[in-house]
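Working notes, structure below.
The values are calculated or read from the model by the stated rules, or taken from the named source; none is laboratory data. None of the values given here were measured: they were computed from a predicted structure. In this analysis, Cβ positions are derived from the backbone assuming ideal geometry, glycine residues included, and neighbour counts consider all displayed protein chains. The protein model used for the area step is the full one, side chains on, heavy atoms only, and it has no ligands, DNA or RNA in it. Shrake-Rupley method; radii C 1.70, N 1.55, O 1.52, S 1.80 Å.
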Amino acid sequence: MADNSKAEDAASDSVEAAKGTGDKKEKLADQVMQNPQVLAALQERLDNAPHTPSSYIETLPKAVKRRIDALKQLQVKCAHIEAKFYEEVHDLERKYAALYQPLFDKRRDFITGCAEPTDAEAEWHSENEEEEKLAGDLKNKVVIEEKEAGAAEESNPKGIPDFWFTIFRNVDMLSELVQEYDEPILKHLQDIKVKFSEPGQPMSFTLEFHFDPNDYFTNSVLTKTYKMKSEPDKSDPFSFEGPEIVDCEGCTIDWKKGKNVTVKIIKKKQKHKGRGTVRTITKQVPNDSFFNFFSPIKVSGDGESLDEDSECTLAIDFEVGHFFRERIVPRAVLYFTGEAIEDDDNFEEGEEGEEEVSKILFIFSSHFPW
């Protein structure tokens, strides 16, 4: 019993001691909080503390949060209306593509030499016309002197040689994809066309690469179709910013024997474990080539995500396809001469608030080719 009494007394003393310590801390805190300098320092820290939008929203009354949720519902409906807007824009693209096509057909005829422009069609007044006139006069003088010296008359090649190949060489995004052994094939490229999906069909566009007969493959046209989606994601509707490419599909290239540049043959020696004899086997492995563009990575349809490298490759593929559609095909001559490349290099982004422009102007600005 004595031991129990001592234990109880010890416990009681501990409680009293703790209580005394607590009282001292409270008194000290009261004294600190009554110090004007301490209060000013605390207020300054509070004023300078970062306030995030989410932290502010959390402080709002329940009734205000309810109204914010209603605004989000309205925003989702706006996203769906915006998706319909882009669907109609796609219809307009299809309509105006038909108006552009006769001009693009004439462009192809001039490039391939199937037709010669009239004097009126070939008339062009450049900004540096006077300088070019002087240079032209000087050139004519040289030509006359050469003719007088018995030099051979200047040859007149058919059409515009290596038109599309030159564009590939001029544009960094494309030249990085082209290997040296791709170049002779691309010199046979006669035209690139963009075809939009038919009315009522899922949104898509197809790139058609037209080749003249060559020693590499029997196809006259190679195609690449990009499938698009213009609807908000159900799990993240606020991320919708317009149509996006979601998948693409290439075509089979009918390579002639020994001409497939997308693969290479490697030889490997194997030694038989028992007999010790050596044999040489050949193996076909993938090879870097622009023509891999027509054998793209497929987006998995079973919901499985791609690995990081595949996602990166697919993103680059989508970017290249979009660039062909929006820039290269509509403005081919300016990428051939390099003028469009200079414009791209000289483009400077404005301030953050100036980067947003009218949707209609943004969408159609890259569709006027001349």
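Just a yes or no: is a residue in the stretch 285-299 touching a Gly at 6+ places or on another chain (Cβ under 9 Å), among the aliphatic types (A, V, I, L, M) and open to solvent by less than 90 Å² (accessible area, probe 1.4 Å)? Scanning the stretch 285-299 turns up no residue that is touching a Gly at 6+ places or on another chain (Cβ under 9 Å), among the aliphatic types (A, V, I, L, M) and open to solvent by less than 90 Å² (accessible area, probe 1.4 Å). For Ala83, the conditions (1) modelled with pLDDT of 70 or more; (2) over 27 Å from the mean Cα position of the chain (by Cα); (3) of a type in the set (Gly, Ala, Ser); (4) part of a helix (DSSP H, G or I) are fulfilled apart from (2).
Taking Ile68 as the residue in question, decide whether it is touching a helix residue (DSSP H, G or I) at 6+ places or on another chain (Cβ under 6 Å), open to solvent by less than 70 Å² (accessible area, probe 1.4 Å) and modelled with pLDDT of 75 or more. Full working, then the answer.
On the way: touching a helix residue (DSSP H, G or I) at 6+ places or on another chain (Cβ under 6 Å): no; open to solvent by less than 70 Å² (accessible area, probe 1.4 Å): yes; modelled with pLDDT of 75 or more: yes.
For Ile68, the condition - touching a helix residue (DSSP H, G or I) at 6+ places or on another chain (Cβ under 6 Å), open to solvent by less than 70 Å² (accessible area, probe 1.4 Å) and modelled with pLDDT of 75 or more - is not met.
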